[in-house]
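Asker: This is the structure I have questions about; it appears just below.
The values are calculated or read from the model by the stated rules, or taken from the named source; none is laboratory data. This is a predicted model, so every value here is computed, not measured. Here the Cβ positions follow ideal geometry from the backbone for every residue, glycine too, while neighbour counts run over all protein chains shown.
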Amino acid sequence: MSNRSFEVAAAEGRVWRCPACGDDREFVQPPCVDGHTDDGGECPEWACADCGAAIVSGAGVTAVAVSVAQAA
């Protein structure tokens, strides 16, 4: 995910443990293109602001490491 995508993201950041960085990091939401926010809900997709690793949140936070090369 490009730096420009993070600049455009209009969501508050959250701090979670990043599985790729191995430490607590800020996670941001890129713009949702899957329709999760169409009904006013929150998109479950988050990305590490440092490395771009993606996680999907739910009832609990489930962290899944995805390399930037795989995510592209």
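Asker: Do you know which of the residues in the stretch 50-65 that are small (Gly, Ala, Ser) and surrounded by fewer than 17 Cβ atoms within 10 Å (Cβ to Cβ) is modelled with the lowest pLDDT?
Answerer: Keep residues of the stretch 50-65 that are small (Gly, Ala, Ser), which gives 52-54, 57-60, 63, 65.
So of that shortlist, the ones also surrounded by fewer than 17 Cβ atoms within 10 Å (Cβ to Cβ) come out as 58-60, 65.
On the way: Gly58: 71, Ala59: 51, Gly60: 55, Ala65: 64.
Taking the candidates together, the pick is Ala59.
Asker: Of the conditions (1) at pLDDT below 65; (2) crowded, with 16+ Cβ neighbours inside 10 Å; (3) not β-branched (Val, Ile, Thr), Ala72 fails just one. Which one is it?
Answerer: (2)
Asker: For the stretch 20-39, what are the residues that are in contact (Cβ under 8 Å) with a residue 24 or more places away in the chain and closer than 16 Å to Gly58 by Cβ?
Answerer: Of the stretch 20-39, the ones in contact (Cβ under 8 Å) with a residue 24 or more places away in the chain are 20-21, 25-27, 30-31.
Selection gives Phe27 alone.
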